[in-house]
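Quick notes on the structure that follows.
The values are calculated or read from the model by the stated rules, or taken from the named source; none is laboratory data. Predicted, not measured: the structure shown is a model, and the values here were computed from it. Every residue, glycine among them, receives a Cβ derived from its backbone with ideal geometry; neighbour counts consider all protein chains shown. Each accessible area value is taken on the protein alone, full model and side chains, heavy atoms only, with ligands, DNA and RNA left out. Shrake-Rupley method; radii C 1.70, N 1.55, O 1.52, S 1.80 Å.
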Amino acid sequence: MIYLELLVSFIQIGLFSIGGGYAAMPLIQHQVVDLHGWLTMTQLGDIIAIAEMTPGPIAINAATFVGIQVGGLPGALVATLGSVLPSCVIVLLLAFLYYKFKGLTVIQGILAGVRPAVVAMIASAGVSLVLTAFYNTSTLPTDWGSIRWVAVAIFAAAFLVLRKWKPNPIWVMAGAGVLGILLGPLW
């Protein structure tokens, strides 16, 4: 039964996450944390961090890692299949339709209308990650004194390093992870 729930959940995520992996994060959070309670927000945040560092698309990596946590190796295969299947079907259908009707202005208008929704979904994922990292909650905190200043400092340092010297982001993420481990007891 858990495999069927994983498949249906990740088919829904794959079907409605227009805009890539970061746009899928709020949908994954809703399905995995809020709706089914398979993982906590902290566990999902850890999975997202691992999925970002792992080569490949972040939504597929996140689906695989969630599937492993929930249902072992079969769960990983089912969740990954559910995440990929809608995209494959939609892309094949859209390619056929676009090739056939690419000259219509309605098609161009639809594509222009989807862009703002994609930006909003990506921004939502970013806000959720920041709230989880800084306050250990997925909603705006009522107690602003509970901020994790070490996490804010690591974020600010990583942001500064990325903007000023433009190193490989993988090294910055690895350095931030090491700092998080070393300074974790201060949280």
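Through the Karplus equation 6.51 cos²θ - 1.76 cosθ + 1.60, θ set to phi - 60°, convert the phi angles of region 146-152 into ³J(HN,Hα) values in whole Hz; use x for Gly and Pro.
8, 5, 8, 5, 5, 5, 5
Hey, what's the per residue convex hull volume over the C-alpha atoms of the chain, in cubic angstrom?
Numbers: hull volume 28.7 nm³, N = 187.
Expressed per residue, the convex hull around the Cα atoms of the chain is 153 Å³.
When the accessible area of the chain is split by element with a 1.4 Å probe, what percent falls to carbon and sulfur? Working shown, then result.
Values: 8590 of 11550 Å².
Of the solvent-accessible surface of the chain, carbon and sulfur hold 74 percent.
Once you sort the root eigenvalues of the Cα gyration tensor of region 108-149 as a ≥ b ≥ c, which label holds: rounded (a/c under 1.5), prolate (a/b larger than b/c) or oblate (the other case)? Please list the in-between numbers first.
Numbers: a/c = 5.64, a/b = 4.06, b/c = 1.39.
Cα axes put region 108-149 in the prolate bin.
Probe of 1.4 angstrom, ligands and nucleic acids ignored: what's the accessible area per residue over region 2-57, in square angstrom?
Working: 2680 Å² over 56 residues.
I get 48 Å² per residue for region 2-57.
Apply 1/(1 + (r/R0)^6) to the Cβ-Cβ distance of residue 139 and residue 159, taking R0 = 22 Å, and write down the FRET efficiency to the nearest 0.05. Walk me through the numbers on the way to the answer.
Working: r = 23 Å, r/R0 = 1.06.
Efficiency, from the Cβ-Cβ distance: 0.40.
Residue 115 to residue 94: extension gain in nm, 0.36 nm per residue of separation minus the Cα-Cα distance?
Values: separation 21, 0.36 × 21 = 7.56 nm, distance 1.66 nm.
Extra length from residue 115 to residue 94 when fully extended: 5.9 nm.
Which order do the peptides 95-103, 74-82 take when ranked by the mean count of other beta-carbon atoms within 10 Å per residue, highest first?
Working: 95-103: 9.6, 74-82: 20.9.
By packing density, highest mean first, the sequence is 74-82, 95-103.
Which three extents, in whole angstrom, do the alpha-carbon atoms of region 138-178 cover along their principal axes, largest first?
36, 19, 16
Report ³J(HN,Hα) in whole Hz for each residue of region 121-132, in order, from the Karplus equation J = 6.51 cos²θ - 1.76 cosθ + 1.60 where θ = phi - 60°; Gly and Pro get x.
5, 5, 4, 4, 5, x, 5, 4, 5, 5, 4, 5
For region 108-180, with every protein chain kept in place, what is the accessible area per residue (1.4 Å probe, Å²)?
Values: 4920 Å² over 73 residues.
Here the per-residue accessible area is 67 Å².
Could you derive backbone 3J(HN,Hα) for region 68-80 from the dihedral phi with the Karplus parameters 6.51, -1.76 and 1.60 (θ = phi - 60°), listing whole Hz in sequence and x where the residue is Gly or Pro?
Result, rounded to whole Hz: 4, 5, 8, x, x, 4, x, x, 5, 5, 5, 5, 5.
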